[in-house]
Amino acid sequence: MCGIVATSGNPSADRFLIEGLYRLEYRGYDSAGIALINADGTVRRTRACGKVSALEEALDTQGRFASGVGIAHTRWATHGPASEKNAHPHTAGRVTVVHNGIIENDRELRHTLSNEGADFASDTDSEVIAHLLDRHITAGYSPEDALNETLEQLRGAFAFAAIIEGEPDLIIAARKGAPLLVATGDAGVYLASDPLAVIGYAASASYLVDGDRVIVRGRIVTVRSAEGVTVDRDPAPLPASASQVEKSGHAHFMAKEIHEQPVSLARTLTAYLHASARTVRTDICFEVGSAGRLAIVACGTAGYAGAVARYGFESLADLPSDVDTASEFRYRSPALTASTAALFISQSGETADTLEALRLVRARELPTMALINAPHSTMAREADLVLPTHAGPEIGVASTKAFTSQVAALFCLQILAARQRGTLTEEAEAEAVDDLMSAPATVSAVCEREAEIAAMAPLLSAAPLVVFLGRREGYPLALEGALKLKEISYIHAEGFPAGELKHGPLALIEPGVMCVILIPSDDLFDKTRASIEQVRARGSGVIAITDQQGAQSLKDQCEAVFTLPSATPRALLLAQACVLQLLAYHVARLRGADIDQPRNLAKSVTVE
Ligand code: M6R
């Protein structure tokens, strides 16, 4: 949610900053801006509404400006519309600032500063940071002391970086509740919200912790903790190649990430399983099986991964489990007993609601596990135990490979819990491991049949409503299918348990509406087929996603049938997820939607 980058010492600061913004654009794309400081200490700021490309055009129109020090920002609007005046950087007096997060006491501060004569130029909360810094500098504080004074006055979550007119080699920055890293490369020093921005510019990055403040003078970096102690935040290596932030021949990051799933799944499974011994590794987790209850907490797609897994935690491991949306969990006073273990799921590891839910559980001194894709994220640092997903960087706003890796890792955790609870024989564990190990090939077989899935997309692209139906794990998968479709194609889509249709959702069905039904040929096949009959009788068209046996009996009943490769249950479930992703992707393509950067959304939701 908003991306910030800054550099000092790199003679082509503007080039790095623009490239960094492109790499962070997935965090927000309502507007973008850059400010560079000249050797004589004057600041030049350029801002544009819309995407980074609009900013780049504006910079080129103005004529580039050689500078070694600058800050830049790509915005996801929270306070005030996506207009140029609300685009970062914001300037007050001598100070120009970029900010990611939310200043919660913005109204009070604005009121006080206005009464003292400050003129606000934007509707943003961020502008108060510039005014506060400028006020303290004008009062005679050094930049570092002005930073400390300002931090005393701010409430909320933030990472910000500022430059000061008359200080041509200085950047000051701080973080609390929003990510920020500092990296030193051959050509300069870099600050960024996310490591993706600095891959190729530095070999390693230091991830700042809450309360840290940073002073960059030329190429000299000083980091001090909230207590004012100079600290070294251990640098962690960065990938050497920027290929992870490129589309590698695909039209969209989403397509690239869907097609990476056979590999990302294999990476996840290798980390969690002993394939030759046909067992789950015991060292991945503490005694999850000894928990009396498992509380699974997450948002969006990560929540649906948890909801898929809940079935197996209960059916396989007999471990009572709840799945909560983080924004509800944290405000509903959850009844957590001493034997509750909490599992937080997040691709980014920065989602504000999930992070606060984790802190709530930690405050109650209960064990926390976090299934996280971004290894250096705040959640990864704060959880008692980190379960990495190993999906690799995910850039498309619609989560795809992170979801399947989350589900795969959760399947492994279920097996471990079941073994620890004595509800799974060795033979059953071996079969479950074989099932999982076959998933990358099954998902790959689906990816190879992309053209078949694309051919079904026209059935959905003009529908006013698409209803996704499933049973058991197919139900949260239906919710995920609906979320994928709505977020990238803007078609109204809803997911329901197939058995629930007659309790209300059936009223939505009329000619023109389409249903996508997950219907494996299992013990519930005939019941789900009844749902197909009910919606067809009311004029809805149907796409069925089923296996070979199911396809035989459904082929005359549906507008289209996708026959899944023959596979074992877990592999089949992951394959269904892949079909739903590709279906949403091709519908969005037909509608000409902005697939990687859908309207109003951002990849990492670091505000409430
Ligand atoms: O980074 P997280 O996994 O915590 O993000 C949670 C949701 O914001 C995320 O899954 C969102 O729903 C995706 N855009 C779905 O594709």
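The values are calculated or read from the model by the stated rules, or taken from the named source; none is laboratory data. Since this is a predicted model, take the numbers as computed values, not measurements. Backbone-built Cβ (ideal geometry, glycine too); neighbour counts: all protein chains shown.
So which residues in the stretch 542-582 are in contact (Cβ under 8 Å) with a residue 60 or more places away in the chain, touching a strand residue (DSSP E or B) at 6+ places or on another chain (Cβ under 7 Å) and not β-branched (Val, Ile, Thr)?
Glu559, Ala560, Phe562, Leu564, Gln576
Can you find, within the stretch 339-364, the residue that is farthest from Pro195 (Cα to Cα) among those that are in contact (Cβ under 8 Å) with a residue 24 or more places away in the chain and among the small types (Gly, Ala, Ser)?
By that ranking, first place goes to Ser339.
Check off (1) among the small types (Gly, Ala, Ser); (2) in contact with a strand residue (DSSP E or B) (Cβ under 7 Å, 6 or more places away or on another chain); (3) more than 25 Å from Pro497 (Cβ to Cβ) for Ala305 and give me the number that stays unchecked.
(3) is the only condition that Ala305 fails.
Run down Ala575, Ala482, Ala493, Ala567 and say which single residue is surrounded by 20 or more Cβ atoms within 10 Å (Cβ to Cβ) and part of a loop (DSSP other than H, G, I, E, B).
Exactly one residue qualifies, and that residue is Ala567.
Those residues that are of a type in the set (D, E, K, R), over 36 Å from the mean Cα position of the chain (by Cα) and in a helix (DSSP H, G or I), I need them from the stretch 528-562; list them, please.
Residues satisfying the conditions are Glu533, Arg536.
So which of Ala338, Ala298 ends up being within 12 Å of the chain's Cα centre (by Cα) and aliphatic (A, V, I, L, M)?
Step by step, each of Ala338, Ala298 is checked, and only Ala298 is within 12 Å of the chain's Cα centre (by Cα) and aliphatic (A, V, I, L, M).
With a cut-off of at least 1 residues that are surrounded by fewer than 19 Cβ atoms within 10 Å (Cβ to Cβ), name the strands (runs of 3 or more DSSP E) lying wholly within the stretch 1-77.
Once the strands (runs of 3 or more DSSP E) in the stretch 1-77 are filtered for at least 1 residues that are surrounded by fewer than 19 Cβ atoms within 10 Å (Cβ to Cβ), what remains is 43-49.
Which one of Ala183, Ala173, Ala192 is more than 21 Å from the chain's Cα centre (by Cα), closer than 22 Å to Ile395 by Cβ and at pLDDT 95 or above?
Ala183
Hand me the list of helices (runs of 4 or more DSSP H) wholly inside the stretch 419-479 holding 2 or more residues that are out of contact with any helix residue (DSSP H, G or I) (no Cβ under 8 Å at 6 or more places or on another chain), more than 24 Å from Val263 (Cα to Cα) and of a type outside the set (Ser, Thr, Tyr).
Correct list: 426-437.
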